[in-house]
Structures are given as structure tokens and as C-alpha cells.
1. Could you check the stretch 109-134 and list, in sequence order, the residues that are in a helix (DSSP H, G or I), surrounded by 12 or more Cβ atoms within 10 Å (Cβ to Cβ) and either on the phi > 0 side of the Ramachandran plot or without any contact (Cβ under 8 Å) to a residue 60 or more places away in the chain (or both)?
2. Scanning for something at pLDDT 90 or above and acidic (Asp, Glu), does the stretch 114-126 turn up at least one residue?
3. Regarding the stretch 87-97, can at least one residue be identified that is open to solvent by 50 Å² or more (accessible area, probe 1.4 Å), part of a helix (DSSP H, G or I), in contact (Cβ under 8 Å) with a residue 12 or more places away in the chain and not polar (S, T, N, Q)?
4. Which residues, counting only those in the stretch 26-57, are at pLDDT below 75 and hydrophobic (A, V, I, L, M, F, W, C)?
5. For the stretch 61-71, check the following and say yes or no: at least one residue is closer than 30 Å to His125 by Cβ, modelled with pLDDT of 85 or more, part of a helix (DSSP H, G or I) and of a type in the set (Ser, Thr, Tyr).
6. Within the stretch 68-86, track down each residue that is surrounded by 13 or more Cβ atoms within 10 Å (Cβ to Cβ) and hydroxyl-bearing (Ser, Thr, Tyr).
Amino acid sequence: MKKKLIIWGVVLLTVINLASLATRAYHRWGDDERRDREGRREARMSITERLGLTEAQAEQVRQMRTELGDQLTPYRDGYREKRNQLYDLLMAPDADRGEVGRVKAQMDSLQAEREAIVFDYIVAHKEVLTPEQQTMFFTMIKERFRSGYRRR
């Protein structure tokens with residue numbers, strides 16, 4: 001009796017595991033493939049295509065984007081430098097907590113300044129876009145915030 005119970009238990013566990021593996025395989029290679037293709041196509045679309053910008057609007061947005069990149073470059077470089085400095089401090093055998101805190105505060109300050117510039121960039125789109133385009137644009141921004149800027 002005990003032997004039959006063990007055999008049935010092993011068979012049951014095997015069936016459950018096979019069903020679980022089949023479900024995972026379906027979601028990994030089956031249905032998700034279609035959604036991934038649509039997502040990749042949409043991700044490749046430029047903001048001009050997504051919002052249906054006129055040529056004048058597209059040029060203004062390109063110029064704004066270029067200016068944003070120019071404004072953010074010093075912050076990126078400064079943040080990278082502070083991150084390396086923090087790493088060196090943390091790796092030191094006698095790490096000074098005060099110095100680590102000071103560098104971390106500088107990093108936080110750089111990040112806050114950078115976010116303010118990006119926020120101004122986002123708000124500046126209101127002057128370029130129509131109300132319908134603004135709705136689409138801010139919906140795109142909201143989706144980016146919701147997903148945590150995850151990229152594949």
C-alpha cells in the first residue's frame with residue numbers, strides 16, 4: 001500500500017511539473033512573441049511618427065532634444081565622476097563615513113538639478129504641441145514613469 005502511494009505521488013508531481021513547464025514555454029515562445037513584435041515596432045517609432053508632428057514641430061522637437069543633451073552632458077560627467085569617487089571611498093579599507101555622505105549628497109544634488117532640467121524640457125513641449133499631441137505625449141511620459149524606464 002505504501003509503495004503504491006509513493007508511486008502515485010511521484011506520478012502526480014511529474015504531471016504537475018510537466019504542466020507547469022508547458023505553460024511557461026507557451027508564454028515564453030507562443031503568445032508573447034506577437035506582443036513583443038508590436039512593442040518593438042512601436043519602440044522604433046520616433047516621436048515624430050507617434051505624435052504625427054508637422055515638419056516645423058519635428059524640427060523644434062529635434063532642436064529641443066539637442067539642447068537637452070548639451071545641457072545634461074556636464075551633469076552626466078559630474079555624476080559619473082562622483083560615482084567613481086564614491087566607489088573608491090567605499091573600497092578603501094578605512095572608509096570615512098562623513099566623506100562618503102558628502103559625496104552621496106553631491107550626487108543627490110546633481111541628480112536633482114538634472115531632473116529639473118528634464119522637467120523643464122518636458123514642459124517646454126506644451127509650447128510646440130497641439131492639445132491632442134500633448135495628451136499623447138504626456139501619456140507616453142506617464143508610461144515611461146510607470147515602467148521605471150526599463151529597456152530591453
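1. If we filter the stretch 109-134 for residues that are in a helix (DSSP H, G or I), which is where we start, we get 109-127, 131-134.
Among the residues that remain, those that are also surrounded by 12 or more Cβ atoms within 10 Å (Cβ to Cβ) are: 109-111, 113-114, 117-118, 121-122, 124-126, 133-134.
Hits for the stretch 109-134 are Ser109, Leu110, Gln111, Glu113, Arg114, Ile117, Val118, Tyr121, Ile122, Lys126, Gln134.
2. There is at least one residue in the stretch 114-126 that is at pLDDT 90 or above and acidic (Asp, Glu).
3. So far as the stretch 87-97 goes, no, none of its residues is open to solvent by 50 Å² or more (accessible area, probe 1.4 Å), part of a helix (DSSP H, G or I), in contact (Cβ under 8 Å) with a residue 12 or more places away in the chain and not polar (S, T, N, Q).
4. We begin by selecting, within the stretch 26-57, every residue at pLDDT below 75; these are 26-45.
Trp29, Ala43, Met45 - these are the residues of the stretch 26-57 that are at pLDDT below 75 and hydrophobic (A, V, I, L, M, F, W, C).
5. The first filter runs over the stretch 61-71 and keeps only residues closer than 30 Å to His125 by Cβ, leaving 61-71.
Applying the additional criterion that residues be modelled with pLDDT of 85 or more yields 61-71.
If we keep only those that are part of a helix (DSSP H, G or I) as well, we get 61-71.
Add one more test, that the residue is of a type in the set (Ser, Thr, Tyr), and what stays is 66.
There is at least one residue in the stretch 61-71 that is closer than 30 Å to His125 by Cβ, modelled with pLDDT of 85 or more, part of a helix (DSSP H, G or I) and of a type in the set (Ser, Thr, Tyr).
6. If the condition is that a residue be surrounded by 13 or more Cβ atoms within 10 Å (Cβ to Cβ) and hydroxyl-bearing (Ser, Thr, Tyr), then Tyr75, Tyr79 are the ones that fit.
The values are calculated or read from the model by the stated rules, or taken from the named source; none is laboratory data. Computed from a predicted model, the values in this text were never measured in an experiment. FYI the Cβ positions are ideal-geometry reconstructions off the backbone, even for glycines, and counts take in every protein chain you see. Only protein heavy atoms, including side chains, enter the accessible area calculation; ligands, DNA and RNA are left aside. Shrake-Rupley method; radii C 1.70, N 1.55, O 1.52, S 1.80 Å.
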